[in-house]
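Step one of this worksheet: look at the structure below.
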Ligand SMILES: NC(=O)c1ccc[n+]([C@@H]2O[C@H](COP(=O)([O-])OP(=O)(O)OC[C@H]3O[C@@H](n4cnc5c(N)ncnc54)[C@H](O)[C@@H]3O)[C@@H](O)[C@H]2O)c1
């Protein structure tokens, strides 16, 4: 049985934690008593997001970190182990999306490579860096953020998020012996600030038109999925990708 106190004293690392989902995940986990480390390539927003949490009485640290750079990621995890003794939850949320969800011919090779570095290598680098710090900790779990785009595959973005689904299965197999569950969430379109700024109204309309539930997704919809997957309610769940899409592109 999960209870509301199970996250008290836990340590959670959320990548891309300065904005959008990452920031909302950090707020939700800290509200349950976890110390959250918000790691973002934009160190300023990470520090601001952490300061918002501490101002409300939560425990949070903001750090600058590019998930595609193994040196930076190792340094963050080493710092967490030195300060807290280990890591309980890793949310591989950092990702390039919206403006990067465009045809190969428009994006160009340099951007295609960067999408793969951040969205795919970032998940691998952070998961490998975290493995020993998480080993054997009760309730240890990793949640990767995929996307509904992984089911449509219209661009390198979708392909990178399909790789995240594959990685979720492969890492779940490989990390089970260390007592770490690995799952993913595939969100549908959620109007975070980045999406509002970078997605055209026509594209947003198209996605809504393909959903079964005719409302825009909310950050809280994704937060609820995260809280389920990192809780003991999901203690027998690993290797899964949970779609939270309002029924976008539903298929069997
Ligand atoms: N918003 C949506 O509709 C939606 C839908 C499906 C999946 N997703 C996925 O959810 C995740 C978060 O989306 P969001 O809308 O909250 O994004 P966002 O753009 O609001 O926030 C992402 C954060 O990640 C950070 N980041 C980018 N590259 C990084 C790197 N190399 N290292 C560390 N941090 C980095 C950014 O600075 C930013 O603060 C992404 O992986 C995205 O692909 C979003």
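Matching residues to (1) within 14 Å of the ligand (Cβ to nearest atom); (2) more than 28 Å from residue 250 (Cα to Cα):
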position: 112; (1), (2): no, no
position: 126; (1), (2): yes, yes
position: 130; (1), (2): no, yes
position: 133; (1), (2): no, yes
position: 136; (1), (2): no, yes
position: 144; (1), (2): yes, no
position: 160; (1), (2): yes, no
position: 167; (1), (2): yes, no
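Just to check your reading of the model, which residue among 186, 249 is within 16 Å of the ligand (Cβ to nearest atom), assigned to a loop (DSSP other than H, G, I, E, B) and either under 17 Å from residue 101 (Cβ atoms) or modelled with pLDDT of 95 or more (or both)?
249
Among the residues of the stretch 19-45, how many are in a helix (DSSP H, G or I), within 13 Å of the ligand (Cβ to nearest atom) and either in contact with a helix residue (DSSP H, G or I) (Cβ under 9 Å, 6 or more places away or on another chain) or at pLDDT below 95 (or both)?
9
Is it the case that the stretch 88-96 has a residue that's in contact (Cβ under 8 Å) with a residue 24 or more places away in the chain and either over 16 Å from the mean Cα position of the chain (by Cα) or more than 15 Å from the ligand (Cβ to nearest atom) (or both)?
Within the stretch 88-96, one or more residues are in contact (Cβ under 8 Å) with a residue 24 or more places away in the chain and either over 16 Å from the mean Cα position of the chain (by Cα) or more than 15 Å from the ligand (Cβ to nearest atom) (or both).
Can you find a residue that is part of a strand (DSSP E or B), within 14 Å of the ligand (Cβ to nearest atom) and within 22 Å of residue 186 (Cβ to Cβ) anywhere in the stretch 57-74?
The answer is no, given that none of the residues of the stretch 57-74 is part of a strand (DSSP E or B), within 14 Å of the ligand (Cβ to nearest atom) and within 22 Å of residue 186 (Cβ to Cβ).
Name every residue in the stretch 2-20 that is on the phi < 0 side of the Ramachandran plot and surrounded by 24 or more Cβ atoms within 10 Å (Cβ to Cβ), in order of residue number.
Those that are on the phi < 0 side of the Ramachandran plot and surrounded by 24 or more Cβ atoms within 10 Å (Cβ to Cβ): 7, 11, 12, 13, 14, 15, 17, 18.
Only residues that are assigned to a loop (DSSP other than H, G, I, E, B), under 19 Å from residue 13 (Cα atoms) and more than 14 Å from the chain's Cα centre (by Cα): list them for the stretch 203-235, please.
231
The values are calculated or read from the model by the stated rules, or taken from the named source; none is laboratory data. Bear in mind the structure is a predicted one, so any value in this text is a computation, not a measurement. Glycine gets a Cβ as well: all are built from the backbone with ideal geometry, and neighbour counts include every protein chain shown.
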